[in-house]
Amino acid sequence: MLDKKVSELLNDQINKELYSAYLYLDFSLYYQEQGLDGFANWYMIQTQEERDHAMLLLQYLQNNGEHITLKQVDKPDKVCGALRDPLEFALEHERYVTSLIHTIYDAAHEVKDYRTMQFLDWFVKEQGEEEKNAEDMVKKFELFGTDPKSLYMLDNEMAGRAYSAPSLVL
């Protein structure tokens with residue numbers, strides 16, 4: 001049985017991950033409308049990853065006999081007016097998600113819930129990768145995004161990203 005606060009934070013994180021999936025789906029649709037299929041692909045894969053993160057959290061709670069309460073997923077609140085906007089918003093969002101994971105980790109540490117801490121280790125590592133990827137996307141856009149030929153090449157690079165499901169053992 002998990003600590004009540006830890007369980008509630010994990011349950012809330014399911015909702016946050018599903019919101020992340022919605023947000024990235026919105027970014028994917030934005031780029032699709034702009035004719036940037038590679039960027040759309042990148043964020044469609046992000047959508048899949050975030051959905052899988054939610055499912056990992058859900059499965060962990062189930063495996064620990066916890067009741068799961070699904071909450072309403074808010075509509076994405078970011079308005080994209082420039083090609084760079086989703087990239088900046090994504091970086092900001094990943095930093096926010098990292099803070100949420102750290103909060104859960106801190107709560108688990110406080111009650112010496114080592115199993116949950118071990119489970120969250122994967123998420124801590126994953127968030128480091130997510131932030132790095134988001135930072136790299138912003139940097140690449142800063143370097144190449146204003147030149148149409150370079151933007152075309154960058155879009156093609158983003159189109160090459162393939163989905164790989166997480167391999168976390170619960």
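The values are calculated or read from the model by the stated rules, or taken from the named source; none is laboratory data. Note that the structure is a prediction, hence the values are computed from the model and not measured. Every residue, glycine among them, receives a Cβ derived from its backbone with ideal geometry; neighbour counts consider all protein chains shown. All accessible areas refer to the heavy atoms of the entire protein, side chains included, with ligands and DNA or RNA removed. Shrake-Rupley method; radii C 1.70, N 1.55, O 1.52, S 1.80 Å.
What are the residue pairs meeting all of these: first residue in region 57-78, first residue farther than 12 Å from Ser7 by Cβ and hydrophobic (A, V, I, L, M, F, W, C), second residue open to solvent by 60 Å² or more (accessible area, probe 1.4 Å) and outside any loop (DSSP other than H, G, I, E, B), Cβ atoms under 9 Å, and 6 or more apart or on different chains?
Pairs that qualify, where the first residue is farther than 12 Å from Ser7 by Cβ and hydrophobic (A, V, I, L, M, F, W, C) and the partner is open to solvent by 60 Å² or more (accessible area, probe 1.4 Å) and outside any loop (DSSP other than H, G, I, E, B), are Val73/Tyr22.
Filter region 154-170 down to the residues that are assigned to a helix (DSSP H, G or I) and surrounded by 13 or more Cβ atoms within 10 Å (Cβ to Cβ) and list them by number.
The answer is Leu154, Asp155, Glu157, Met158, Ala159.
Give me the pairs, please: first residue somewhere in region 106-120 and touching a residue at least 24 places away in the same chain (Cβ under 8 Å), second residue anywhere and part of a helix (DSSP H, G or I) and not hydrophobic (A, V, I, L, M, F, W, C), beta-carbon distance under 7 Å, and either six or more positions apart or on two chains.
Every condition considered, the pairs that remain are Ala107/Lys5; Ala108/Thr116; Phe119/Tyr60.
Checking the conditions here, which among Glu92, Glu130 is open to solvent by 20 Å² or more (accessible area, probe 1.4 Å), part of a helix (DSSP H, G or I) and closer than 26 Å to Ser164 by Cα?
Checking each option against the conditions leaves just Glu92.
Sort out which residues of region 79-118 are farther than 16 Å from Lys16 by Cβ and of a type in the set (A, V, I, L, M, F, W, C), and write them in order of number.
The answer is Val79, Cys80, Ala82, Leu83, Leu87, Leu91, Ala108, Val111, Met117.
Given the condition open to solvent by 60 Å² or more (accessible area, probe 1.4 Å), within 23 Å of Tyr24 (Cα to Cα), part of a loop (DSSP other than H, G, I, E, B) and at pLDDT below 95, answer yes or no: does some residue in region 135-144 qualify?
Checked against the condition, which is being open to solvent by 60 Å² or more (accessible area, probe 1.4 Å), within 23 Å of Tyr24 (Cα to Cα), part of a loop (DSSP other than H, G, I, E, B) and at pLDDT below 95, region 135-144 yields no hits at all.
Looking at region 73-116, which of its residues are of a type in the set (Asp, Glu), within 18 Å of the chain's Cα centre (by Cα) and farther than 15 Å from Met137 by Cβ?
Asp74, Asp77
As an exercise: evaluate Lys149 against (1) touching a helix residue (DSSP H, G or I) at 6+ places or on another chain (Cβ under 8 Å); (2) without any contact (Cβ under 8 Å) to a residue 60 or more places away in the chain and give the number of the one condition it does not meet.
In the conditions (1) touching a helix residue (DSSP H, G or I) at 6+ places or on another chain (Cβ under 8 Å); (2) without any contact (Cβ under 8 Å) to a residue 60 or more places away in the chain, Lys149 misses (1) alone.
Residues checked against (1) in contact with a helix residue (DSSP H, G or I) (Cβ under 7 Å, 6 or more places away or on another chain); (2) under 22 Å from Leu151 (Cα atoms); (3) assigned to a helix (DSSP H, G or I); (4) modelled with pLDDT of 95 or more:
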residue	(1), (2), (3), (4)
Tyr19	no, no, yes, yes
Ala40	yes, yes, yes, yes
Thr47	yes, no, yes, yes
His53	yes, no, yes, yes
Val97	yes, no, yes, yes
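Please find, within region 92-149, the residue that is farthest from Glu8 (Cα to Cα) out of those that are in contact with a Ser or Thr (Cβ under 9 Å, 6 or more places away or on another chain) and of a type in the set (Gly, Ala, Ser).
Once the filter is applied, the top-ranked residue is Gly128.
Just for region 117-166: of the residues that are more than 16 Å from the chain's Cα centre (by Cα) and among the hydroxyl-bearing types (Ser, Thr, Tyr), which one is nearest to Tyr60 (Cα to Cα)?
Tyr152
Could you look through region 26-46, keep only residues that are surrounded by fewer than 21 Cβ atoms within 10 Å (Cβ to Cβ) and under 12 Å from the mean Cα position of the chain (by Cα), and pick out the one that is farthest from Ala162 (Cα to Cα)?
Here the answer is Met44.
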